[in-house]
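Please treat every number below as a calculation from the coordinates, not as lab data. Computed from a predicted structure; not experimentally measured. Neighbour counts run over all protein chains shown; Cβ positions are idealised from the backbone, glycine included.
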Amino acid sequence: MLLTLAAASGAPVKVQHTRVNDAVACADHHESCENWAKSGECESNPGFMKSQCQKACDACGWVDPVCSGTLTRPAKVNGAINAVFERAAARPELRPTVHSRPCDAARTPADGGRPCGGPWVMTFANFVRDDEADAFLETTASHFERSLAGDVVSPVRTSKQAWCQPGIASECYKHPLVRRLHERVANVTSVPLENAEFYQVLRYEPGQFYKQHHDQNAAPDSLMGVRLYTFFLYLVSPEGGGGTRFPKLNITVEPTRGTALLWPNVKDDDVRQADMRTDHEALPPTAGRKFSANLWLHNYDFRSPNMAGCKMDRHVDPAKRLPPLADGEASFPWPGEGPVEEEHVENDEL
């Protein structure tokens, strides 16, 4: 993605973070490779040289360590999916509402007397502050295009989307209010920030929709692993309609500005398996626009290999992954709520 073959001076570009894909054929892919190697660039700029000048650097078969998938731990293990919701349901400051829960989960005031028997589906009122919602809208306003279903334009999805991502809407990705909101998500889910995909901001005009679908679409042994959770944010409420419906659970969540909606995409007893009960659809607004945002949380680091240009569906041997933490998962502090200042994020770091 960010790889440049040569600078204006004729020397290879030095990059702080390797922006290369998996190992390529053992060959030199630039006419100056041998000269660069003789000048010591194989050692001083290994990310570029060992991928693009493998022959000159005697680096046949080299793979960027970021692309190996062996540098990060799983965010969740079997039995840890439901624990996120159990903890959240017991935190009144989150203003949780439980729309669905397993019957073996302890009852809390957030249940509202609703029957049990499904997977967890939970909302948090006022989770997104007004200034945070506005930050998304202002920094993505010029980046909307037709939403994709998977990787293609499809009649099953008619909304517009804008990626809050380096190189597309960098001002959104770097915004301190967007960062603060993401830190709040990490506090609730115990999923590291780098495991999240980039926010996908959505705009629904009256009549636009996304038909029934499931969010888990990643192989368990891919670089980033499965999509564990979907954290869905309502940024602007339409005047009518626009709910998120779970047909198999007979639940519809109304789109209220500032509310966050959380559900699991995999099973608690086997995080490698999709929980198809959380099929859902975006109902069309009947009046007014709806703005919202997806944040998909993976079991392994998504952002580092994505920004390094790795082949994201690369198969990783599970035995070569780092083991989970001794206590099962990480913990992240609740971010401050005071004024935030614009900060410089060098090289689009995480």
Label point 7 Å beyond Cα of ASP104 along Cβ direction - residues of segment 272-297 with amide nitrogen under 12 Å: none
Which of these values of Rg and Dmax of the Cα atoms in Å was calculated from the structure shown: [x] 23.5, 89; [y] 20.8, 74; [z] 21.9, 73? [z]
Between the alpha-carbon centers of segment 185-252 and segment 37-105, tell me the distance in whole angstrom. 20 Å
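If you place +1 on the Cβ of every Lys and Arg, -1 on the Cβ of every Asp and Glu, and leave all else neutral, what size is the dipole of segment 81-348 about its Cα centre, to the nearest 20 Debye? Intermediate values should be presented prior to the final figure.
Numbers: 30 positive and 37 negative charges, 169 e Å.
I would put it at about 820 debye.
Just subtract the alpha-carbon distance of LYS320 and ASN217 from 0.36 nm times their residue separation and send over the number in nm, one decimal. List each step's numbers first, then the result.
Values: separation 103, 0.36 × 103 = 37.08 nm, distance 2.25 nm.
Between LYS320 and ASN217, full extension yields 34.8 nm more.
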Label model pair ARG114, VAL152: point-to-point distance (7 angstrom along the Cα→beta-carbon line) in nm is 3.5 nm
Kirkwood Rh over alpha-carbon pairs of segment 198-350, then Stokes-Einstein at 10 °C and 1.306 mPa s: what D in µm² s⁻¹, rounded to an integer? 90 µm²/s
At a 10 angstrom cut-off on C-beta neighbours, averaged per residue, how do the peptides 220-233, 88-101 rank from highest to lowest? 220-233, 88-101
